[in-house]
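Student: One structure, as structure tokens, below. Some questions next.
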Amino acid sequence: MRRSLIACSILLAQAAGLAYADALPVCQLQQAPAPEDTAAWQSRALAMLPCLAHPDPALRDDGAFETLAAWMRDKRLTPATLQAMRSQLVAVLHAPPDAAGVHQPFAILLLAELARVDREQPYLSPAQRAELVTVGSTWLEQVRDYRGLIDGQGWRHGVAHAADLALQLGLNPALTTEQRQRLLTAVSSQVLADHRHSYRFGEGQRLARAALSLHLRLGTSAADWQAWLERIAAPIGATDPWNELRLTRMHNLREFLWPLMAGVLQVQDAARREAWLGAVQGVLRRLG
């Protein structure tokens, strides 16, 4: 357990009638609450949430996110607090992005931690879980800010963070087949990225991990696995001109297929492992 935490107060928020995204977080180091002071843990956690929008990565990445994630994994937060956090974070995803573009990627990453808690100790209703599937999938499909790590600014990494949410939701046995399919569609939509962007911060690995986990829980057949890979690779035509767009798509597909193949090698079912492996290798061979 950390000996210190990042606490956050909001200046002029409700009193001035400002929207959540307009409130300026002021974060500072404070001592963690006493272990037995349950109420203090809850109030500190909720006060810390706006620090996910702080421009200083030490307070946002290393402070607020890591502290809140650790508290959830240590089971410090009550279901009521988790519900309040979920509601506020979903509202962040529905609101326009902040100017720095850091708030929504960290909101969705913390939602992945909330989904993890729900998988281990359910506290969400079926409707709330379904909302996370819809909101997370839609947000992932619409990501066009592909910034990863920038020195002095820290992480954004929206695609990877949203893939983590898809992974955690997909692992939950309470999800339906249709919900897992929705998540898989969203994950697949970002494999090649958009706007001629080349992945270089491990996004392909995070997408591959989520996709493989979803396929395993969907019980995807060899034929459907092959068809899924072909759909992803379809925008890279064999007769397309050799230009920046084609090369970028080929790069991003390789960034996805290599970790996907590494994951397939760990599949326990031998027949499925061999069938899926052969399909991935076939697409890689075509890429050259």
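The values are calculated or read from the model by the stated rules, or taken from the named source; none is laboratory data. The structure presented is a predicted model; accordingly, all values stated were derived computationally and were not measured. Here the Cβ is made from the backbone with ideal geometry for all residues, glycine too, and neighbour counts use every protein chain on show. Surface accessibility is based on the protein's heavy atoms, side chains included, excluding ligands, DNA and RNA. Shrake-Rupley method; radii C 1.70, N 1.55, O 1.52, S 1.80 Å.
Student: Percentage of Cα-Cα pair distances in segment 161-269 greater than 15 Å, rounded to whole percent?
Tutor: 63 percent
Student: OK, next. Compute, for segment 96-169, the length of the dipole vector about the Cα centre, with Cβ point charges of +1 (Lys, Arg) and -1 (Asp, Glu) only. Units Debye, rounded to 20.
Tutor: For this selection, approximately 80 debye.
Student: If you don't mind, another one. Please report the net charge: other residues with Cβ closer than 11 Å to the Cβ of LEU183, K and R +1, D and E -1.
Tutor: Result for the local shell: +1.
Student: Another one. Tell me which GluC sites (Glu not before Pro) from segment 35-122 have a DSSP coil assignment and no more than 14 other beta carbons within 10 Å of their own.
Tutor: GLU36
Student: Multiply the residue separation of ALA227 and ASP74 by 0.36 nm, subtract the distance between their alpha-carbon atoms, and state the gained length in nm to one decimal.
Tutor: Roughly 50.9 nm would be gained on extension.
Student: A follow-up question, please. Quick one, which of (1) 1.37; (2) 1.01; (3) 1.27 is the actual Rg/Rh (Cα atoms, Kirkwood Rh) calculated for this model?
Tutor: Answer label, from the structure shown: (2).
Student: Using just the alpha carbons, could you tell me how many Å³ per residue the convex hull of segment 211-288 encloses?
Tutor: 82 Å³
Student: Taking 22 Å as R0, compute the FRET efficiency from the Cβ-Cβ separation of GLU274 and ARG217 and round it to 0.05.
Tutor: 0.65
Student: When the accessible area of the chain is computed with all protein chains present and a 1.4 Å probe, what percentage of it is carbon and sulfur?
Tutor: Carbon and sulfur: 54 percent of the exposed surface of the chain.
Student: What number comes out for the charge environment of GLY101, summing +1 per Lys or Arg and -1 per Asp or Glu over other residues with Cβ under 13 Å away?
Tutor: Once positives and negatives cancel, what remains is +2.
Student: Next up: Can you compute the charge dipole magnitude of segment 245-288 about its Cα centre, using +1 on each Lys and Arg Cβ and -1 on each Asp and Glu Cβ, nothing else charged? Give it in debye, rounded to the nearest 20.
Tutor: It comes to approximately 240 debye.
Student: What number, rounded to the nearest 500 deg cm²/dmol, is the helix-based mean residue ellipticity at 222 nm of the chain, given -39500 (n - 2.57) per DSSP H run of at least four residues and division by all its residues?
Tutor: Calculated at 222 nm, the ellipticity per residue is -18500 deg cm²/dmol.
Student: Taking the Cα centre of each part, how many Å lie between segment 157-204 and segment 232-279?
Tutor: Distance between centres, Cα-based: 16 Å.
Student: Here's something else I'd like to know. What is the spin-label model distance, in nm, from ASP145 to ARG200 if the labels are put 7 Å beyond Cα along the C-beta direction?
Tutor: It works out to 2.0 nm between the two label points.
Student: Rank ARG285, ARG249 by accessible area, highest first, at a 1.4 Å probe radius?
Tutor: From most exposed to least exposed: ARG285, ARG249.
Student: At 1.4 Å probe radius, can you tell me the per residue accessible area of the chain in Å²?
Tutor: So the chain comes to 46 Å² accessible per residue, rounded to a whole number.
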